[in-house]
1. Could you work out which residue, out of A:Leu54, A:Leu255, A:Leu208, moves most in a Gaussian network model of chain A, that is, has the largest mean-square fluctuation with Cα springs under 10 Å?
2. When N is the residue count of segment A:257-401, what does its C-alpha Rg come to as a fraction of 2.2 N^0.38 Å?
3. Rounded if a/c is under 1.5, else prolate if a/b is larger than b/c, else oblate: which is segment A:271-350, with a ≥ b ≥ c the root eigenvalues of its Cα gyration tensor?
4. Roughly how large is the A-B contact in terms of buried accessible area, totalled over both chains, probe 1.4 Å, nearest 100 Å²?
5. Divide, for chain A, the radius of gyration over alpha carbons by 2.2 N^0.38 Å, where N is the residue count.
6. Give me the lysines in straight-line cross-link reach of B:Lys371: C-alpha distance below 18 Å, same-chain residues under 8 apart excluded.
7. Evaluate peptide A:127-138: per residue, the Cβ atoms of other protein chains within 10 Å of its Cβ; return the mean as an integer.
8. Work out how far the C-alpha atoms of segment A:132-258 reach from end to end along every principal axis, then list the three figures in whole Å, largest first.
Amino acid sequence: MVTGIRDKVAILGMGCAKFGERWDADADNLMVEAYQEAVADAGIEPSMIDAAWLSVAFDAINIGPSGIAASIALRLNNVSVTKVENYCASGTEAFRGAVYAVASGAAQIALAIGVEKLKDTGYGGLPVRTRGTMSDMIGVVGSAPGHFAQLASAYRARHGISRDELKRAMAHISVKSHANGAQNPNAHLRKEIDIETVLNAPMVAEPLGLYDCCGVSDGAACAIVTTPEIARSLGKTDLVTVKALQLAVSNGWELQGSGWDGSYFHTTRIAAERAYREAGIDDPRAQLSLLEVHDCFSITELVTMEDLHISPEGGAVKDVLEGFFDASGPMPCQIDGGLKCFGHPVGASGLRMIYENYLQILGRAGERQRGKPPVLGLSHNLGGMPNQNVAAIAIVGLQGA
Amino acid sequence: MPGILSFGAYIPRLRLQRSAVLAAHGWFNPGLKSLAKGERSFANWDEDVVTMAVEAARGCLRGQSREDVGTMMLASTTAPFADRQNAGIVKEALNLRDDVTTLDFGGSQRAGVSALIQALETVRKDRPVLCVGSEKKKDRPGSEAEMTGGHAAAALLVGAEDGLARLIASHSVSVDFVDHFRGNGETFDFSWEARWIREEGFGKIVPRAIRELLAKAALQASDIDVFVFSSPMRGAALSVAKAAGITPTALTGSLDASVGDSGAAHPLLLLAHALETAKPRQRILVAGFGSGCDAALLERTDASLDPVQRLGVSSWLARAKSEDNYIKYLALNGLIDIERGMRAEIDNRQPLSALWRNRKTVLALIGGRCKKTGTIQFPKSDIEVNPNDRSVGTQEDYPLAEEPARILTHTSDSLTYTPDPPAFYGMVEFEGGGRMYVDFCDAEASEVEVGRPMRMVFRIKGVDETRGFTKYFWKAAPAA
């Protein structure tokens, strides 16, 4: 009988490096930056870490193969280090490895560290790379914005919405994230923008303009997890525990089967339903307090609001434009600036999302802290492209919530 | 008697305004002005001799049995591979049987007519020969050849029975008359003086071949109703007709105002065009010049043309996009080294063993159809995609290249590298089932919308410039 992960594992400490164009730092430096904060927060000796998971998506252009790079950078105690890669959902995957190790009893204290050093490519945007031998022969090369822009075309067709109306809702999302990023000292982009700037920006991939796209950043984020019992024995009182951790991976149905119209994420819907069940959430719109979603592009965030069952199908545009997800709204989304402004160091992003929910729940988010600390925070971390992807969802909250 | 059973053609959509060439080069060579009328066709970056041949062949094979084709001939002087049979790639794209004979013809501008004659003279009963001419020549910027050349392909299906036009006789004159040449590894032609070529080449060699051919057939020059002959040299065809005693009005149009001279493919293109309108019992003489002259005499039969085939060449002539950006023409043809950005640096190395394993998927766009559930998918897989049935090993080959499709999702991408930005791509769904994520080509922004009918076309997917390998796959183009 599967009982799920709810309340079995607590977050002992977290850390996050300053995201951005870190011309000063190698991947090693970034990992150390996040790790030191997490270790200090956890209040443990490094020798107490039993196992580690490392997430990185573009190892070919930064740390190379294997988990060795993290073991060396952090001078771990020759413990197991497993490197994971699941496109842009890699960060949540590392977290999942560490959490499952603790839940299984195989480890008492486990580390998840995500890192990405992207700004050594020589150009903006994600690096061009192969997606395998078959894809090289029959796939579309394209760019990330080009793949995600497909959503907008299908969403418009499905819901009969004009390009301008959809563009305006997408622009609202970016304006909101910029406003949030401006409040966050660790964010990559800290400049507020207005809606006209978004609407008039150069086109990257129709209908996504420059401000509909997150940039790529260097960065690292880290989590140290243990059992609630050990956390308490180490003197922790307010425990943030894992309520749900779910991954859904495309099996080719969207791309090869029939029935998917391209306007939503099949996997996110599945992962969300599983996660709500695991966390005991019946009405996510009423019960969740905070969202960190994979806003690689404004349109991704928009459709994700429906895929997470926060907005009704076809209703995200209205919710977005009414400010439902603004920092001051009923359910802030990307209160730290999100991928859009906090930044997107791919292998670290999933952990960065959890980091923000963790800080907010504990009331430690500084100037951007929600007045009333959130109870349950959901993070949604997506890898791949709309027609073929990995959707990862983590829900964290105070123990007992 | 052997004869031509059907015909097809392909003319790239892009047409360069010759006035744009003059605007670029007139300062150096004001003499280009006399040629600066009309437009010429040119292939986009993702089209070459092979892809154009495939498209012409598809038109030619419409309504014909591909299963019966016994020989596939490709004539060109600009085929992409010196050693990897170009006709063999066309054969794979057309999903012809493995036991066909495939042959590359080249080495001369008359190679197209040479191939046609070989097809007519050697065709076996019940195993028609697909004879394709295709040419994509690089012309030196600012040259007369740039003004007069064009890119195109034409295909003729030749059978042992009369068909649309039966063979009366054929003849060859082979002499090493070097009016121009292009050495191995050279990009451009070197040509001798036009007046000498006109007088000693066209003026003597072609009339001799025609005279000897007519003698074989026991006919007179005045018996020729349609004369198919072309030369990029203005007026040369007419002077040949006169020298051979053929009625000047028998000479077909040269398509020089809209296409330009497509080299080895051009006589076949003009022949296909002539077959659109030739009347029963008209005698058609087609001649190809280069290192001598090959000539064939045909007679149009009473067989009727179906309405689609009647437009086999005309429909492509009509499908045109004028281009007055000369630099774009140069860039798309690899004639200028422009800054392409770092995203263009991706290594296009092709694992050849993987291509061999997946040749039907990649080159012929063969998907799978489950024998049990009928589910159609691309590509084929061991375990089928149908969520209600995970049958293993139940899929049979299912060709998708000729299936009409519609756009499901799309974008125009200005970030990703493509030689012809923006990159249009998206998901398409085949009307009979199955779908794929695919690059679009020949598309304008206004044509790309959800639900838009598309047809699949064989194109270059990428070029490994380091190793000189061209990778092919299928793309979706707006359907007419």
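The values are calculated or read from the model by the stated rules, or taken from the named source; none is laboratory data. Please read all numbers here as calculations on a predicted model, not as lab measurements. Here the Cβ positions follow ideal geometry from the backbone for every residue, glycine too, while neighbour counts run over all protein chains shown. Calculation scope for accessible area: heavy atoms of the full protein, side chains included, ligands and nucleic acids excluded. Shrake-Rupley method; radii C 1.70, N 1.55, O 1.52, S 1.80 Å.
1. Greatest mean-square fluctuation among the candidates belongs to A:Leu255.
2. Cα Rg divided by the expected 2.2 N^0.38 Å: 0.98.
3. Working: a/c = 1.61, a/b = 1.19, b/c = 1.35.
Oblate shape, in that a/c is at least 1.5 and b/c is the bigger or equal ratio.
4. Roughly 3200 Å² of accessible surface disappears when A and B pair.
5. Normalised Cα radius of gyration, chain A: 0.91.
6. Of all the lysines, those that pass the test against B:Lys371 - Cα under 18 Å, at least 8 places apart if same chain - are B:Lys380.
7. Values: counts 3, 8, 1, 4, 0, 1, 7, 6, 1, 12, 15, 12.
Per-residue shielding by partner chains comes out at 6.
8. 56, 41, 30
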